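Reviewing the structure listed below.
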Amino acid sequence: GQEMAHSLTAAHNEVTLIETDRVLAERLRGSCKARVLHGDAADPTVLEEAGALRADVLAAVTGQDQVNLVTSLLAKRHFDVPSVVARVNEAENRWLFNERWGVDVAVSGSATLLSLIQEATSVADTVGLFHLAKAGVALIETTLTEHSSAVGKTLSELLLPAGSIVATVVRDGQPNVPGGSFVLQPGDEVIVVSESATEQDIRKVFQR
(Lines give C-alpha, C1' and ligand atoms only; values in the text may rest on other atoms or scores of the structure.)
Protein backbone atom coordinates (compact mmCIF):
# COMPACT_ATOMS: atom_id res chain seq x y z
CA GLY A 1 0.00 0.00 0.00
CA GLN A 2 2.79 2.41 0.85
CA GLU A 3 4.62 1.67 -2.39
CA MET A 4 1.43 2.14 -4.40
CA ALA A 5 0.78 5.47 -2.69
CA HIS A 6 4.31 6.69 -3.42
CA SER A 7 4.05 5.68 -7.10
CA LEU A 8 0.61 7.20 -7.59
CA THR A 9 1.46 10.50 -5.94
CA ALA A 10 4.65 10.70 -8.01
CA ALA A 11 2.39 10.53 -11.08
CA HIS A 12 0.39 13.50 -9.69
CA ASN A 13 -2.64 11.50 -8.57
CA GLU A 14 -4.60 12.49 -5.49
CA VAL A 15 -4.19 9.61 -3.06
CA THR A 16 -5.50 8.85 0.42
CA LEU A 17 -3.85 6.02 2.36
CA ILE A 18 -5.84 4.42 5.20
CA GLU A 19 -3.75 2.80 7.95
CA THR A 20 -5.06 1.02 11.07
CA ASP A 21 -1.81 1.35 13.01
CA ARG A 22 -1.75 4.82 14.60
CA VAL A 23 2.02 4.89 15.05
CA LEU A 24 2.64 3.85 11.46
CA ALA A 25 0.06 6.37 10.22
CA GLU A 26 1.90 9.17 12.03
CA ARG A 27 5.21 8.05 10.58
CA LEU A 28 3.74 7.89 7.07
CA ARG A 29 2.44 11.43 7.35
CA GLY A 30 6.01 12.59 7.60
CA SER A 31 7.36 10.53 4.70
CA CYS A 32 4.49 10.11 2.24
CA LYS A 33 3.07 12.73 -0.10
CA ALA A 34 -0.32 11.03 0.02
CA ARG A 35 -2.93 12.05 2.55
CA VAL A 36 -2.72 9.54 5.42
CA LEU A 37 -5.81 8.70 7.45
CA HIS A 38 -5.79 6.61 10.62
CA GLY A 39 -8.71 4.18 10.76
CA ASP A 40 -10.30 0.96 9.53
CA ALA A 41 -11.05 0.89 5.79
CA ALA A 42 -13.90 -1.56 6.47
CA ASP A 43 -15.70 1.25 8.33
CA PRO A 44 -18.04 3.24 6.03
CA THR A 45 -17.45 6.47 7.95
CA VAL A 46 -13.70 6.12 7.47
CA LEU A 47 -14.13 5.46 3.75
CA GLU A 48 -16.36 8.49 3.42
CA GLU A 49 -13.83 10.65 5.24
CA ALA A 50 -11.15 9.31 2.91
CA GLY A 51 -13.12 10.56 -0.09
CA ALA A 52 -14.70 7.37 -1.40
CA LEU A 53 -17.69 9.28 -2.76
CA ARG A 54 -15.48 10.99 -5.34
CA ALA A 55 -12.83 8.33 -5.84
CA ASP A 56 -12.07 6.93 -9.29
CA VAL A 57 -10.32 3.83 -7.93
CA LEU A 58 -10.17 2.05 -4.58
CA ALA A 59 -7.45 -0.51 -3.85
CA ALA A 60 -8.03 -2.85 -0.90
CA VAL A 61 -4.55 -4.24 -0.24
CA THR A 62 -4.47 -5.21 3.44
CA GLY A 63 -3.04 -8.52 4.62
CA GLN A 64 -6.50 -9.81 5.57
CA ASP A 65 -8.88 -11.13 2.90
CA GLN A 66 -11.98 -10.47 4.99
CA VAL A 67 -11.05 -6.81 5.33
CA ASN A 68 -10.34 -6.48 1.62
CA LEU A 69 -13.68 -8.08 0.72
CA VAL A 70 -15.74 -5.91 3.07
CA THR A 71 -13.92 -2.78 1.93
CA SER A 72 -14.49 -3.70 -1.72
CA LEU A 73 -18.18 -4.35 -1.16
CA LEU A 74 -18.64 -1.02 0.62
CA ALA A 75 -16.69 0.80 -2.07
CA LYS A 76 -18.81 -0.58 -4.89
CA ARG A 77 -22.26 -0.88 -3.32
CA HIS A 78 -22.30 2.03 -0.87
CA PHE A 79 -19.99 4.55 -2.53
CA ASP A 80 -20.32 3.46 -6.18
CA VAL A 81 -16.57 3.60 -6.81
CA PRO A 82 -16.06 2.94 -10.56
CA SER A 83 -13.06 0.62 -10.22
CA VAL A 84 -12.21 -1.60 -7.24
CA VAL A 85 -8.97 -3.57 -7.00
CA ALA A 86 -8.51 -6.11 -4.21
CA ARG A 87 -5.55 -8.13 -3.01
CA VAL A 88 -6.06 -11.87 -2.45
CA ASN A 89 -3.83 -13.14 0.36
CA GLU A 90 -5.00 -16.76 0.61
CA ALA A 91 -5.32 -18.70 -2.65
CA GLU A 92 -8.33 -20.67 -1.38
CA ASN A 93 -10.27 -17.40 -1.03
CA ARG A 94 -9.81 -16.25 -4.64
CA TRP A 95 -13.26 -17.51 -5.68
CA LEU A 96 -14.82 -14.91 -3.38
CA PHE A 97 -13.14 -11.99 -5.10
CA ASN A 98 -15.69 -11.29 -7.79
CA GLU A 99 -18.35 -8.73 -8.73
CA ARG A 100 -20.70 -10.02 -6.03
CA TRP A 101 -18.23 -8.62 -3.52
CA GLY A 102 -17.65 -5.49 -5.58
CA VAL A 103 -14.26 -6.56 -6.92
CA ASP A 104 -13.41 -5.56 -10.49
CA VAL A 105 -9.80 -6.79 -10.48
CA ALA A 106 -8.42 -9.40 -8.07
CA VAL A 107 -4.65 -9.55 -7.61
CA SER A 108 -2.77 -12.18 -5.65
CA GLY A 109 -0.18 -10.30 -3.64
CA SER A 110 2.26 -13.17 -3.42
CA ALA A 111 1.66 -14.37 -6.98
CA THR A 112 2.07 -10.88 -8.41
CA LEU A 113 5.32 -10.29 -6.55
CA LEU A 114 6.56 -13.71 -7.55
CA SER A 115 5.68 -13.06 -11.18
CA LEU A 116 7.62 -9.81 -11.16
CA ILE A 117 10.64 -11.52 -9.62
CA GLN A 118 10.42 -14.41 -12.06
CA GLU A 119 10.19 -12.10 -15.05
CA ALA A 120 13.07 -9.95 -13.84
CA THR A 121 15.34 -12.96 -13.31
CA SER A 122 14.05 -14.94 -16.33
CA VAL A 123 13.28 -17.87 -14.03
CA ALA A 124 9.82 -18.42 -15.48
CA ASP A 125 8.70 -18.16 -19.09
CA THR A 126 4.96 -18.24 -18.28
CA VAL A 127 3.32 -16.12 -15.59
CA GLY A 128 -0.20 -15.11 -14.59
CA LEU A 129 -0.60 -11.35 -14.87
CA PHE A 130 -3.95 -10.79 -13.17
CA HIS A 131 -7.55 -11.92 -12.91
CA LEU A 132 -10.49 -9.78 -14.04
CA ALA A 133 -13.25 -10.81 -11.66
CA LYS A 134 -16.12 -9.05 -13.43
CA ALA A 135 -15.26 -10.51 -16.82
CA GLY A 136 -14.38 -13.89 -15.34
CA VAL A 137 -11.10 -14.16 -17.26
CA ALA A 138 -7.39 -14.24 -16.50
CA LEU A 139 -4.46 -12.78 -18.43
CA ILE A 140 -1.46 -15.07 -18.80
CA GLU A 141 1.84 -14.13 -20.43
CA THR A 142 4.33 -16.53 -21.96
CA THR A 143 7.67 -15.46 -23.42
CA LEU A 144 9.11 -17.50 -26.29
CA THR A 145 12.74 -18.51 -26.65
CA GLU A 146 14.52 -20.34 -29.44
CA HIS A 147 13.72 -23.56 -27.58
CA SER A 148 9.95 -22.95 -27.29
CA SER A 149 7.88 -25.47 -29.20
CA ALA A 150 5.57 -22.79 -30.64
CA VAL A 151 8.38 -20.94 -32.45
CA GLY A 152 7.97 -21.12 -36.22
CA LYS A 153 4.31 -22.10 -35.96
CA THR A 154 1.28 -20.04 -36.86
CA LEU A 155 -1.37 -19.37 -34.25
CA SER A 156 -3.85 -21.48 -36.18
CA GLU A 157 -1.55 -24.48 -35.70
CA LEU A 158 -1.73 -24.24 -31.91
CA LEU A 159 -4.47 -25.96 -29.96
CA LEU A 160 -5.43 -23.54 -27.20
CA PRO A 161 -7.51 -24.62 -24.19
CA ALA A 162 -11.25 -24.03 -24.54
CA GLY A 163 -12.25 -20.47 -23.74
CA SER A 164 -8.77 -19.10 -24.49
CA ILE A 165 -7.56 -16.66 -27.14
CA VAL A 166 -4.30 -14.93 -27.97
CA ALA A 167 -5.08 -11.26 -27.42
CA THR A 168 -1.70 -9.70 -28.19
CA VAL A 169 1.81 -10.63 -29.22
CA VAL A 170 4.46 -8.10 -28.20
CA ARG A 171 7.41 -8.19 -30.60
CA ASP A 172 10.38 -5.84 -30.29
CA GLY A 173 8.37 -3.76 -27.84
CA GLN A 174 5.44 -3.33 -30.22
CA PRO A 175 2.04 -4.97 -29.58
CA ASN A 176 0.41 -6.87 -32.44
CA VAL A 177 -3.17 -8.10 -32.74
CA PRO A 178 -2.44 -11.39 -34.49
CA GLY A 179 -4.51 -13.42 -36.91
CA GLY A 180 -4.34 -17.15 -37.48
CA SER A 181 -1.47 -16.80 -39.98
CA PHE A 182 0.76 -14.94 -37.53
CA VAL A 183 4.08 -16.81 -37.20
CA LEU A 184 5.64 -16.84 -33.75
CA GLN A 185 9.31 -15.97 -33.24
CA PRO A 186 11.83 -16.16 -30.38
CA GLY A 187 11.44 -13.17 -28.08
CA ASP A 188 7.69 -12.84 -28.66
CA GLU A 189 5.67 -12.08 -25.53
CA VAL A 190 2.30 -13.76 -25.98
CA ILE A 191 -0.66 -12.51 -23.92
CA VAL A 192 -3.46 -15.05 -23.56
CA VAL A 193 -6.95 -14.29 -22.23
CA SER A 194 -8.64 -17.35 -20.77
CA GLU A 195 -11.75 -18.27 -18.84
CA SER A 196 -10.30 -21.30 -17.08
CA ALA A 197 -6.80 -22.23 -18.30
CA THR A 198 -3.93 -22.24 -15.83
CA GLU A 199 -0.36 -21.09 -16.39
CA GLN A 200 0.62 -24.74 -16.78
CA ASP A 201 -2.03 -25.24 -19.50
CA ILE A 202 -0.71 -22.29 -21.50
CA ARG A 203 2.89 -23.35 -21.02
CA LYS A 204 2.13 -26.78 -22.49
CA VAL A 205 0.86 -25.11 -25.68
CA PHE A 206 3.72 -22.67 -26.25
CA GLN A 207 6.80 -24.03 -24.47
CA ARG A 208 6.78 -27.84 -24.68
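The values are calculated or read from the model by the stated rules, or taken from the named source; none is laboratory data. Fair warning: this is a prediction, and the values are worked out from it, not measured in the lab. Note: ideal-geometry Cβ built from the backbone for every residue, glycine included; neighbour counts use all protein chains shown. Remember, those area values only see protein heavy atoms, side chains included, never the ligands or the DNA or RNA. Shrake-Rupley method; radii C 1.70, N 1.55, O 1.52, S 1.80 Å.
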Fill in the blank from the handout: Heavy-atom accessible area per residue of the chain, all protein chains kept, 1.4 Å probe, expressed in Å², is 57 Å²
Problem - Centroid-to-centroid separation of the stretch 174-208 and the stretch 1-68 [C-alpha atoms, Å] - result: 37 Å
Completion exercise
Rounded to the nearest 10 Å², the accessible area of Thr62 using a 1.4 Å probe with every protein chain kept is 50 Å²
Handout entry: Antiparallel %, DSSP beta bridges [both residues in the chain], to 5
Key = 65 percent
Handout entry: Heavy-atom accessible surface of the chain: percent carbon and sulfur, 1.4 Å
Key = 53 percent
Completion exercise
Simple spin-label estimate for Ser181/Thr198, 7 Å along Cα→Cβ, in nm, reads 3.8 nm
Exercise for the section: Pull up all non-local amide H partners of Ile18: gap of 5 or more, or a different chain, and H-to-H distance under 5 Å with H placed in the peptide plane. Expected result: Leu37
Practice task
Post the alpha-carbon centroid distance, the stretch 154-170 to the stretch 77-111, in whole angstrom.
Solution key: 27 Å
